[in-house]
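One structure is given below, encoded as structure tokens.
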Amino acid sequence: MPATRIMPTEEGQELIDLTREICDKELRPKAGDVEAAAAAAGDAFPTEAFRTLGQAGLLSLPYPEEFGGGGQPYEVYLQVVEEIASAWMSVAVGTSVHSLTAYPVAEYGTDAQRAALMPGMLSGEQLGAYCLSEQQAGSDIASMTTRAAKDGNDWVINGRKAWISHAGHADYYTCFVRTSNDGGRGLSCLHVPAGTEGLSFAQPERKMGLHGDTVGEVIFENVRVPGENLLGSEGQGINIALAALDSGRLGIAAASTGLAQAALDLAAAYATQRHQFGRPIGDNQGLAFMVADMEAAVTSARATYLHAARLKDAGRPFSKQAAVAKLVASDAAMKVTTDAVQVLGGAGYTQDFPAERYFRDAKITQIFEGTNQIQRLVISRHVLGDART
Amino acid sequence: MNIVVCVKHVPDAQSERTFNDSDNTTDREGVDGLLSELDEYAVEEALKLVEASEGEVTVLTVGPAGAADALKKALQMGAHKAVHVTDDAIHGSDAPATSLLLAKAIEKIGTPDVVITGMASTDGTMGVVPAMLAERLNLPMVTYASQLTIDGSAVTARRDGDTASETIEATLPALVSVTDQINEPRYPSFKGIMAAKKKPVETWGLGDLGVDAGQVGLGAAWTKVDSFAKRPPREKGEIVTDEGDGGTKLAEFLASRKFI
């Protein structure tokens, strides 16, 4: 069943209708096959899906119309991401990542940078990659070692970024690099177009799931970009990264909710169709109550991300609520997809049904965009910090 | 080049479609409606033709208030303006009456270079309105086009049959109905959705078209539905237990259904 939604505007509802149509016709029917092909080949990419979404204007929703964006509030944008996730998780994650890559330009770029870069980023023709993590700098991003050195007016980048979605497939790379030895205050953000000399990619990671989301190392060997590619000021990198992550977490929360909804829908349908002992298995209270708990988990996940989104849209602080949403929604995705496999029984463990794919795709939501342990750190610092004042 | 595309708002084929108990006409209230999927190909083809040259695409529909949704979808896809013919007296109109209303509306719009329609509606599925409309407008008729080119003053179309494909040519202005093989209809874009809100939609009643209420509606229909019954639910399949003669039994079953 499609989720019940109250959209803040008529155009928001029309966006949801458009998204559902594209999901039903273009994404849901292809997701299983492309994911399986990507798993087998190690590197296949849903280029077609992103092109369709881009042409429909769904890759640029939360950015200003003057640069080609949709001018939509997060409350609407995130529900679109949720709908996409209910059809194809990898593509929803890609949509969220792409939005994240435009954030430093939109929020910290100069007018000239915005005018030069944003129309391309928001055109639907380009896809971005967000280069923050390194092998030894995951949760502890201040320990990153990829370095950009000033050479005349240029920046010259050397190092390796890890776990980068869209590596090798993106049209540009929004990169966080060390520009001084001043710990967290020594980081800066650079825009690096694909095809820049010295930029290369390792073999993509072989992952448990989310195969359509190609992830791999991005290697910088004397990658030279002009000085005007610096986004924000020198040393502002960690602020930009953390601010972007607040918004990115909401994208992951919305995607997790959509994934959980898909698993719930599958389980509910199966529970009414599968008969044992002469009746649908859903007639057994033990199973019916599992379905009820799944519904409660999905609904509460949606409520937490929408609450955070509305705070963001109102210009209020939302960092704590974004962390809560990411924690609640990703845990819901893990629980609901696990239970969906259980409701389907042996069938759920086979690749004849998407339950096992949902289950595999869910695990990463508890890890990326800040592990759920980091979310607890963020939440507790907010709560205890507030209590101290 | 100016094109008029005739479209229909139909009950969603994915939902439970039925008839009204009171007069046996199609139930358009109890189910979600949408732009007939076969008409999306007509809209797409018109947009491609206009994008390749210049001109405007006008979408035209006959139907109750809800039919405006079909026009809205076509405008969101990129059509320039829309005309909605609606009047309580139209309820229950058959194909001849529908073609009369469409013809009068097209004459009022001003006969375009090309009139494009889908090959049939997905609800009535009769597929006769294009021919009736061409007759009423006195236009050359090219039906079931699976490929279309327009060159100067002529339209060339391919019609795919079971055994052969025909290529036929007609002079403009002409009426063309297109199949679902002709193109891949675009999705509206979010910008298209926003732009559609500002596009002109005219609403015309019978008076605007000079059509008398007695010429249309259920009363004027040449045929009427006497009764309807839901298709019975599918029966359980027959299970053949293989006792050494499974193959023979299977062949007998297929033979009894004239498959072999």
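General remarks:
- Antiparallel DSSP beta bridges within segment B:2-220, as percent of all bridges there, nearest 5: 40
- Cα-based helix-to-principal-axis angle, A:74-87 vs chain A, degrees rounded to 10: 60
- q = 0.06, 0.08, 0.11 Å⁻¹, chain A: log10 I(q)/I(0) [Debye, one scatterer per Cα]: -0.23, -0.40, -0.76
- Distance between the pseudo-spin-label points of B:Phe228 and B:Ala65 (7 Å out from Cα toward the beta carbon): 2.2 nm.
- Taken over the C-alpha atoms, segment A:292-380 has Rg and Dmax values of 14.8, 48 angstrom.
- Pairs with C-alpha atoms separated by more than 21 Å, drawn from the list B:Lys73/B:Lys104; B:Lys104/B:Lys191; B:Lys72/B:Lys191; B:Lys8/B:Lys108; A:Lys25/B:Lys73, are B:Lys73/B:Lys104; B:Lys104/B:Lys191.
- Take the protein assembly as shown with all the other protein chains still there, run a 1.4 Å probe, and you get 47 Å² of accessible area per residue.
- Interface area, A with B, accessible, probe 1.4 Å, both sides summed, Å² nearest 100: 1200
- Between segment A:42-105 and segment A:206-240, the alpha-carbon center distance in angstrom: 19
- Within the accessible area of the protein assembly as shown (1.4 Å probe), percent carbon and sulfur: 50
- Mean separation of Cα pairs under 8 Å and 6 or more residues apart, divided by the residue count, gives segment A:239-388 a relative contact order of 31 percent.
- Dipole of chain A, positive direction: furthest Cα of A:Gly278, A:Gln113, A:Ala44, with charges on the beta-carbon: A:Gly278
- For segment A:239-388, dividing the convex hull volume of the Cα atoms by the residue count gives 111 Å³ per residue.
- Charge-dipole axis of segment B:157-202 as Lys and Arg at +1 and Asp and Glu at -1 on Cβ define it, positive-most pick from B:Thr163, B:Asn183, B:Ile193: B:Ile193
- Length-normalised contact order of chain A in % [C-alpha pairs under 8 Å, at least 6 apart]: 16
- The calculated Kirkwood hydrodynamic radius for segment B:69-225 is 17.1 Å, given to one decimal from all distinct C-alpha pairs.
- Over segment A:128-236: Kirkwood hydrodynamic radius from C-alpha pairwise inverse distances, Å: 13.8
- Based on Cα atoms of segment A:37-104, Rg over Rh with Rh as the Kirkwood radius reads 1.01.
- Exposure of B:Lys224 as accessible area (Å², to 10), given a probe of 1.4 Å and all protein chains: 150
- Over the protein assembly as shown, the reciprocal of the mean inverse Cα-Cα separation, the Kirkwood hydrodynamic radius, stands at 28.0 Å.
- Cα-centred dipole magnitude for segment A:10-121, charges only on beta-carbon of K, R (+1) and D, E (-1), debye, nearest 20: 380
The values are calculated or read from the model by the stated rules, or taken from the named source; none is laboratory data. Computed from a prediction, not measured in an experiment: that's the story for all the values here. Note that we place each Cβ from the backbone using ideal geometry, even for glycine, and neighbour counts take in every protein chain shown. These accessible areas exclude ligands, DNA and RNA; they are computed on the full protein's heavy atoms, side chains included. Shrake-Rupley method; radii C 1.70, N 1.55, O 1.52, S 1.80 Å.
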